[in-house]
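S.K.: Attaching a single structure in structure tokens format; questions to follow.
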Amino acid sequence: LNSVYANLPVTIFEAVSQLCRETGAINLGQGFPDDPGPEDVRRKAAEAVLDGWSQYPPMMGLPALRRAVASHYGRWQGVALDPETEVMVTSGATEAIAGALLALIEPGDEVVLLQPLYDAYLPLVLRAGGTPRFVSLKPPHWRLDEHALRAAIGPKTKALLFNNPLNPAGAVYGAKDLETLARALEGSDALVVADEVWEHVTFDGRAHVSALSVEGLAHRTVKIGSAGKIFGMTGWKVGFVCAPPGILKILAKAHQFLTFTTPPSLQEAVAYGLAKEAGWFKAMRDGLQAKRDRFSDGLRAAGFSPLPSAGTYFLNVDLAPLGVADDLAFCERLIREAGVAAIPVSSFYAEDKVTTIARFCFAKHDSTLDDALARLAAFG
Ligand code: GLN
């Protein structure tokens with residue numbers, strides 16, 4: 001069958017999870033928590049199902065959820081959003097990203113992609129007819145460099161994809177970095193597709209700064225959020241897109257033919273969850289931060305070299321001190337011989353690959369982390 005998609009590999013996340021199912025390895029690869037997520041939110045969904053929420057909800061999302069998203073971002077990120085014209089519900093952030101790229105990119109348009117980049121971005125950009133322009137961020141700090149950004153942005157740039165906090169790097173970009181991005185984009189008509197799904201998973205007191213809250217970016221930003229990441233319920237696939245009305249209208253045209261709607265019971269429950277008091281979010285963050293520290297300390301004790309993680313569920317290990325130059329081969333050995341799965345960070349690159357880092361997900365029960373650490377210590 002003649003399709004470029006025929007030659008795409010299965011995503012690294014699915015491939016690694018499948019190998020874990022086959023081998024019984026502890027899966028610290030794909031990013032999902034051991035816990036099923038907050039019980040009250042799950043009960044809300046169950047109630048909504050039993051109450052008979054079975055038919056199509058409105059195409060743009062349940063009004064209650066659109067209002068909850070607007071007020072949540074108002075409260076947490078200081079952005080004023082009109083729920084009727086600036087918020088749309090999608091079936092997960094992946095649909096939002098796909099819809100944004102399909103709706104906005106015309107053949108010949110250039111799209112700036114920052115490496116490391118989430119694996120869905122590039123195939124979608126290419127399918128939409130876009131030409132990628134890569135900017136590589138360097139470990140261990142993954143800093144944004146204004147000159148490198150400027151060099152990639154030109155008259156044909158239609159969009160720049162910006163993932164903050166950055167998966168897999170665990171980097172969190174603050175106000176200064178966003179100002180750097182805004183300066184680099186000055187004089188350009190490029191849009192910013194801001195994948196902010198990790199917005200609530202930031203550590204050591206860092207607050208998330210949304211591109212929508214930054215002058216010079218707000219008017220050109222498509223902000224994407226995810227209930228799956230906010231509540232640690234990755235299978236729910238409820239996402240939201242926030243953008244200025246003129247842009248959102250166009251995104252809605254893609255959404256109506258991609259998924260059209262998202263299960264109303266889940267939308268109802270997410271609307272309830274977004275209104276949770278600040279303490280819940282802080283406890284979630286503190287809990288994950290404690291896991292990060294537990295895992296990081298354990299790795300160090302086992303002879304590995306963890307890199308800093310300021311946000312996301314992920315901790316990276318520098319493999320160079322172990323003499324490893326091929327992260328993919330190393331991760332495969334780790335699954336088969338140590339019984340622990342991680343994601344090779346080279347999978348997040350299209351060119352100039354960094355091949356000496358492995359990404360571990362620490363959003364797991366302490367007992368799971370301890371088991372994995374014991375296996376890694378025995379392996380190392
Ligand atoms: N976002 C998840 C991760 O980075 C993967 C999601 C997926 O498997 N599609 O691990």
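S.K.: Kirkwood Rh, Cα Rg: Rg to Rh for segment 280-334?
M.R.: With Rh from the inverse mean 1/r over Cα pairs, Rg/Rh is 1.06.
S.K.: Could you work out the equivalent-ellipsoid semi-axes for segment 55-274, taking the square root of 5 times each eigenvalue of the Cα gyration tensor, largest first, in whole Å?
M.R.: Here the semi-axes work out to 26, 20, 16 Å.
S.K.: Whole number please: convex hull volume per residue of the Cα set in segment 278-374, in Å³?
M.R.: Hull volume normalised by residue count: 102 Å³.
S.K.: In addition: Given R₀ = 51 Å, FRET efficiency for Asp352-Tyr56 by Cβ-Cβ distance, to 0.05?
M.R.: Rounded to the nearest 0.05, the efficiency is 0.65.
S.K.: Below 8 Å, C-alpha to C-alpha, sequence gap of six or more: please give me the relative contact order for the chain in percent.
M.R.: Computed value for the chain: 24 percent relative contact order.
S.K.: Just going by the charge dipole of the chain, with Lys and Arg at +1 and Asp and Glu at -1 on Cβ, which of Leu1, Leu307, Thr157 is farthest out on the positive end?
M.R.: About the Cα centre, the residue reaching furthest to the positive side is Thr157.
S.K.: With n ≥ 4 as the cut-off for DSSP H runs, can you work out [θ] at 222 nm for the chain, using -39500 (n - 2.57) per run divided by the number of residues, rounded to the nearest 500?
M.R.: Computed ellipticity for the chain at 222 nm equals -12000 deg cm²/dmol.
S.K.: Something else: Pick out, from Pro321, His365, Val354, the residue whose Cα sits farthest towards the positive end of the charge dipole of segment 295-365, with +1 on the Cβ of Lys and Arg and -1 on the Cβ of Asp and Glu.
M.R.: His365
S.K.: Can you pick out the pairs among Lys253/Lys353; Lys223/Lys353; Lys249/Lys364 whose Cα atoms lie more than 32 Å from each other?
M.R.: Long pairs (Cα-Cα over 32 Å): Lys253/Lys353; Lys249/Lys364.
S.K.: Further, regarding this structure: Which lysines have a Cα less than 20 Å from the Cα of Lys44, not counting those fewer than 8 places away in the same chain?
M.R.: Correct list for Lys44: Lys229, Lys237, Lys276.
S.K.: Same structure again: Normalised by the empirical 2.2 N^0.38 Å for globular proteins, what value does the Cα Rg of the chain take?
M.R.: Ratio of Rg to 2.2 N^0.38 Å for the chain: 0.96.
S.K.: How much of the DSSP bridge set in the chain is antiparallel, in percent, rounded to the nearest 5?
M.R.: Close to 50 percent.
Only the coordinates and a few stated rules stand behind these numbers; no lab work does. Just so it is clear, the model here is predicted, and its values are computed rather than measured. Please note: Cβ atoms are built from the backbone with ideal geometry, for glycine as well, and neighbour counts cover all protein chains shown.
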